[in-house]
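Report on the structure given below.
The values are calculated or read from the model by the stated rules, or taken from the named source; none is laboratory data. Here the structure is a predicted model, which means the values were calculated and not measured. Cβ coordinates were reconstructed from backbone atoms using ideal geometry, including for glycine residues, and neighbour counts include every protein chain displayed.
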Amino acid sequence: MILLSILIFLIVVLFIFLIIKTNEVNKGRIIAIENYENTSVEKFEDEQSVKKISILPLIESETIDDNLETENGVSYLISADDKQIILDFGFNRAKKHPSALLHNMEVLGKSFDNIDHIVFSHAHLDHLGGMHEQKTKTFSISQSNVETPKIPVYAPVKLQPSEFNPQLDTVHITKNPVSIMSGVYTIGNIPRYLFIMGYIEEQALALRLEGKGIVLILGCGHQTIQRVIERTKQLFDENIYAVFGGLHLPVLKKGHIGLLPIIQWVVGSDHAPWNGLSEKDVFEAIESIKAANVQLVGLSPHDSSGWSINEFRKAFGDKYVEIKTGKEIVL
Ligand SMILES: [Zn+2]
Ligand SMILES: [Zn+2]
């Protein structure tokens, strides 16, 4: 009898929690849509472009080289002509020093001494260099002191350098679209309300590649690719030439269920866990990219399942590009 009473009590508590949570998510969704629609966006009037772009994943969940470490996070080194940008700092879940980011940079012969800009896509743990960093709204290259020059940092929300890299320059909050250097832009914040993680604002990088069009590079893709494409069309006259990075499609299918997609499926989605992202979301993402006539596509494995990546491979054929730690993409 006591056990039955406890069980009924727990069911009632769970039921009340779900009602409150669903109500909160529904309100959050409305706020995110309002904020998205109320952002004033003006076309970039400049015609600056870069002649050569390369994207080298420093951190990804898969690698082409066993000497490189993998993480369920993102850090990309982007070269635009003679300038270098780092997008995001990876996860460093084990709080190591040197972090996987530092280790991989050393193996790949890269250094912060040559970095011109640092950009954060959004303030989640797998992009800021750790859980503590997410909680304290900071970012860390590693978990001990790392000497760097002063480098301008662009983030979608207010972030501070952690005690381990205090010399990184004041953060520029790039809520609205802005050019950070010749031919390189952020497309501004696009908000989303996630079921577990709550409200998030994410930005993406856009580079104008001479003679080709706009190259989009995303972190987690919580914005949805549909909105990223819509925003990009508002900002540029050129076609979107390429889309690389996280599109957040951790769809669970038989034979492709790993811990990573399950975590991303639950915590990083705006769907409720009992009604998660589905095949339909993947096919809609593919259709929106095809409709924009994008010529090259690469999906980050850090927040999409093997099944989703395979569907992208099938849909885009030789236009599909693998994204793996240490595999440089040259455009
Ligand atoms: Zn992510
Ligand atoms: Zn995220």
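If we scan the range 49-58, do we find a residue that is within 16 Å of ligand 2 (Cβ to nearest atom) and surrounded by 21 or more Cβ atoms within 10 Å (Cβ to Cβ)? Give the steps one after another, and end with the answer.
To start, the set of residues in the range 49-58 that are within 16 Å of ligand 2 (Cβ to nearest atom) comprises none.
Among the residues of the range 49-58, not one is within 16 Å of ligand 2 (Cβ to nearest atom) and surrounded by 21 or more Cβ atoms within 10 Å (Cβ to Cβ), which makes the answer no.
What about I151, is it closer than 18 Å to C220 by Cα and more than 16 Å from ligand 1 (Cβ to nearest atom)? No.
Restricting attention to the range 32-60, the residues that are in a helix (DSSP H, G or I) and either without any contact (Cβ under 8 Å) to a residue 24 or more places away in the chain or over 21 Å from the mean Cα position of the chain (by Cα) (or both) total 4.
This table checks each residue for (1) surrounded by 19 or more Cβ atoms within 10 Å (Cβ to Cβ); (2) in contact (Cβ under 8 Å) with a residue 40 or more places away in the chain.
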position: T148; (1), (2): no, no
position: A155; (1), (2): yes, no
position: Q160; (1), (2): no, no
position: T170; (1), (2): no, no
position: N176; (1), (2): no, yes
position: M181; (1), (2): no, yes
position: T186; (1), (2): yes, yes
position: I190; (1), (2): yes, yes
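Test K290 against the criterion of being among the charged types (D, E, K, R) and at pLDDT below 75, and give yes or no. When the stated conditions are applied, K290 does not pass them.
Just so you know, in the range 268-320 the residues that are surrounded by fewer than 18 Cβ atoms within 10 Å (Cβ to Cβ) and aliphatic (A, V, I, L, M) include one that is nearest to ligand 1 (Cβ to nearest atom), and it is A272.
Among the residues of the range 297-325, what is the count of those that are over 18 Å from the mean Cα position of the chain (by Cα) and of a type outside the set (S, T, N, Q)?
Initially, the range 297-325 is screened for residues over 18 Å from the mean Cα position of the chain (by Cα), giving 307, 310-311, 313-320.
Narrowing further to those that are of a type outside the set (S, T, N, Q): 307, 311, 313-320.
Here the count works out to 10.
Restrict the check to the range 238-245 and report whether at least one residue is of a type in the set (G, A, S), under 22 Å from Y154 (Cα atoms), within 16 Å of ligand 1 (Cβ to nearest atom) and part of a loop (DSSP other than H, G, I, E, B). Looking through the range 238-245, none of the residues is of a type in the set (G, A, S), under 22 Å from Y154 (Cα atoms), within 16 Å of ligand 1 (Cβ to nearest atom) and part of a loop (DSSP other than H, G, I, E, B).
If you filter the range 59-81 down to residues that are within 16 Å of ligand 2 (Cβ to nearest atom) and of a type in the set (A, V, I, L, M, F, W, C), you find that the one that is nearest to L101 (Cα to Cα) is I59.
When D66, D82 are checked against the criterion of being closer than 28 Å to E133 by Cα and free of Cβ contacts under 8 Å to residues at least 12 places away in the same chain, a single residue qualifies: D66. Screening G109, G130, G90 for residues that are crowded, with 17+ Cβ neighbours inside 10 Å and out of contact with any Leu (no Cβ under 6 Å at 6 or more places or on another chain) leaves exactly one candidate, G130. The set of residues in the range 134-146 being within 16 Å of ligand 2 (Cβ to nearest atom) and touching a residue at least 40 places away in the same chain (Cβ under 8 Å) consists of F139 alone. Scanning the range 188-236 for residues that are hydrophobic (A, V, I, L, M, F, W, C), within 16 Å of ligand 2 (Cβ to nearest atom) and in a strand (DSSP E or B) yields I190, L194, I200, L205, I217, L218.
Considering each of V107, V41, V74, V146 in turn, give the residue that is farther than 28 Å from M197 by Cβ and hydrophobic (A, V, I, L, M, F, W, C).
On the way: V41 fails: farther than 28 Å from M197 by Cβ; V74 fails: farther than 28 Å from M197 by Cβ; V146 fails: farther than 28 Å from M197 by Cβ.
Residue meeting the stated conditions: V107.
Of the residues making up the range 87-128, just one is at positive phi, without any contact (Cβ under 8 Å) to a residue 60 or more places away in the chain and either part of a strand (DSSP E or B) or within 12 Å of ligand 1 (Cβ to nearest atom) (or both), namely G90.
Going by the conditions given, is L168 within 16 Å of V74 (Cβ to Cβ), away from ligand 2 (no atom under 16 Å from the Cβ) and not polar (S, T, N, Q)? Judged against the criteria, L168 is not a match.
Which of the residues spanning the range 284-315 are among the aromatic types (F, W, Y) and touching a Lys or Arg at 6+ places or on another chain (Cβ under 8 Å)? Spell out the reasoning first.
Here is the first cut: in the range 284-315, the ones among the aromatic types (F, W, Y) are 307, 312.
Hit for the range 284-315 is W307, nothing else.
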